[in-house]
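Q: Here it is, the structure, as structure tokens.
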Amino acid sequence: MTDTTRDDADSSTPGRRSVLRMGGGALAAAFGGLALTACSGTGATAGAGSEGDPDKGRITVWSWQGPAAELKALITEFNKAYPGIQVTVEDIGNPAIWEKITAGLAAGGQGLADVLHIGVDYLPGYVERFPGGLADLAPLGATAHKDAFAAGLWGTVCPDGKRVNALPWEANSGGFYYRADLFEKAGVDAGALQTWDETIEAGKVLKAKTGAHLLGLDKPASQPDAANFFQLLLQLQGAFYFDLEGRVTLDSPEAVKAMTLIKTMNDAGLVSDLSGGWNALMSSLKKGTNAVVPWPTWFGGVIEEQVPEESGRWKVRLPPAVRRGGPTAATVNSTHLAVAGSSEHRAAAWTFVEYALTRPASQVRIYRGKGIAPALMKAYDDAVFHEPSAYFGGQKKGEVFLGALKAPSPPVNYTADYARALKLVTDAQSKVLLKGADPAAVLRDAAAELVRQTRRKAAR
């Protein structure tokens, strides 16, 4: 999910910001079959011995496509400050990186790079299944940066308030990208929509006057990311699939409200079918099938590349609230840099991580290169985030999402069982969209099945 779009060369495949779009399916495959061996070899040996010299060492960094290119671009500058640290950045690819990290952790850290780029949906799983597999960054000085990042992200990397498993890199907020020309033609003020209930009513007017659907969803869940919109609606209510204690909340009132909104939209004929995933989404952009794309920060670059002829027709705002007066901001995905517990050069690896992620100059350079929205709040002091966009009709879209990052945002507990929850949710959503199933009933069944599969406690 994107530099100015994706980082792959093939337009038929999704891009690097696939943390939540492809994460669940790939994560399930990566963790599959490791339940019995997950803890063998990692906890006893990882992290043993000296941290190494913070100014010397040969380290390797694993990332993918665009982020890998930008980390490579930092090396020359980094070596002016730290000439004794030799850095090699390897582009492993996404989703190949997840299986490679998982295999290395399962082998007690053997063959792992020193620095690992990890998505928010994988981080808790690695921490839970491979104790000690990732180094604790607190003794290396990470806690000095506790308040430097977007709200809620420190709770993601430091859930117990003590051990720091990684440092936040990018933070993508939920967005509401919309075809301003279609809303204008329908006589609807998109900026005035305060709730999703109001948006549904506006969608009916849009459909009648323009023929465009309000939005599109992958109704049969042909791709693992089919529940992204449901997940956004959950997070706008401060909820998720699990609570902070790891209890199952798939059938919470917030989840039922989110799925009911989706059913209401679908029953009103406002939801197009985006089965086929990325290709279907790109096609819908070019055809003007949908008036709204409720996707994260990075998606602005996708629109600019994929439909350049529509410059000036698009605008962006934060999503409407689920309940009147409720939150309109949610950090829906993020990525992080961790240090392998098995690394013999943990201190040098930390030096590179700290240089890349806590210096505004480093983050601004990466943003200019690949459009990666930083989690580091101080970076947003740079003018690049406040420039008007011709594509978005002169809007300062960076400021739209900066407002979201400044808003209160509770940490999200993905747990090691996110992939299981995601599969059950997408199945439940498909039953609602294709068969008209009752949201409360399908979510109740999904929650019960998740409890059975994971042996976690139910929150209700």
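The rows are residues; the columns are (1) within 17 Å of the chain's Cα centre (by Cα); (2) buried (at least 19 other Cβ atoms within 10 Å of the Cβ); (3) of a type outside the set (S, T, N, Q).
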site	(1), (2), (3)
Asp381	no, no, yes
Val384	no, no, yes
Gly393	no, no, yes
Ser409	yes, yes, no
Ala416	yes, yes, yes
Leu424	no, yes, yes
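Q: Further question on the same structure: Kindly indicate the residue of segment 317-348 that is assigned to a strand (DSSP E or B) and out of contact with any Asp or Glu (no Cβ under 9 Å at 6 or more places or on another chain) and also surrounded by the fewest Cβ atoms within 10 Å (Cβ to Cβ) among those meeting that condition.
A: Here the residue is Arg317.
Q: For segment 248-288, give me each residue that is assigned to a loop (DSSP other than H, G, I, E, B), touching a Ser or Thr at 6+ places or on another chain (Cβ under 8 Å) and either outside the structural domain of Lys315 (by TED's automatic domain parsing) or closer than 29 Å to Arg324 by Cβ (or both).
A: Leu274
Q: Could you list, ordered by first residue, the pairs with Cβ atoms under 6 Å in which the first is in segment 186-198 and of a type outside the set (Val, Ile, Thr) and at pLDDT 95 or above and the second is loosely packed, with under 15 Cβ neighbours inside 10 Å and assigned to a helix (DSSP H, G or I), at least 6 apart or interchain?
A: Ala186/Val205; Ala186/Lys209
Q: Here's a follow-up. If the requirement is being buried (at least 22 other Cβ atoms within 10 Å of the Cβ), in contact (Cβ under 8 Å) with a residue 12 or more places away in the chain, more than 19 Å from His345 (Cβ to Cβ) and touching a Phe, Trp or Tyr at 6+ places or on another chain (Cβ under 8 Å), which of these qualifies: Val61, Val120? Working first, answer last.
A: Details: Val61 fails: more than 19 Å from His345 (Cβ to Cβ).
One residue alone meets the criteria, Val120.
Q: Among the residues in segment 75-91, are any assigned by TED's automatic domain parsing to the domain that holds Pro124, at positive phi and touching a Phe, Trp or Tyr at 6+ places or on another chain (Cβ under 6 Å)?
A: The answer is no, given that none of the residues of segment 75-91 is assigned by TED's automatic domain parsing to the domain that holds Pro124, at positive phi and touching a Phe, Trp or Tyr at 6+ places or on another chain (Cβ under 6 Å).
Rundown of residues vs (1) in contact with a helix residue (DSSP H, G or I) (Cβ under 7 Å, 6 or more places away or on another chain); (2) part of a loop (DSSP other than H, G, I, E, B), yes/no style:
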site	(1), (2)
Glu354	no, no
Val364	yes, no
Gly369	yes, no
Lys378	yes, no
Val384	yes, no
Phe401	no, no
Ala404	no, no
Pro410	no, yes
Thr415	yes, yes
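Q: Also, quick follow-up: Select from segment 128-155 the residues that are acidic (Asp, Glu) and touching a residue at least 60 places away in the same chain (Cβ under 8 Å) and list them in ascending order.
A: Glu128, Asp136
Q: Let me ask something else. Considering (1) surrounded by fewer than 18 Cβ atoms within 10 Å (Cβ to Cβ); (2) within 22 Å of Leu433 (Cβ to Cβ); (3) in contact with a Lys or Arg (Cβ under 7 Å, 6 or more places away or on another chain), say which one Gly191 fails and leave the rest.
A: The failed condition is (2).
Q: Residues that are closer than 26 Å to Tyr418 by Cα and of a type in the set (Ser, Thr, Tyr): which strands (runs of 3 or more DSSP E) entirely in segment 52-126 hold 1 or more of them?
A: 57-63
The values are calculated or read from the model by the stated rules, or taken from the named source; none is laboratory data. In this text the structure is predicted, and so the values were computed from the model without any measurement. Glycine also receives a Cβ, built like all others from the backbone with ideal geometry; neighbour counts cover every protein chain displayed.
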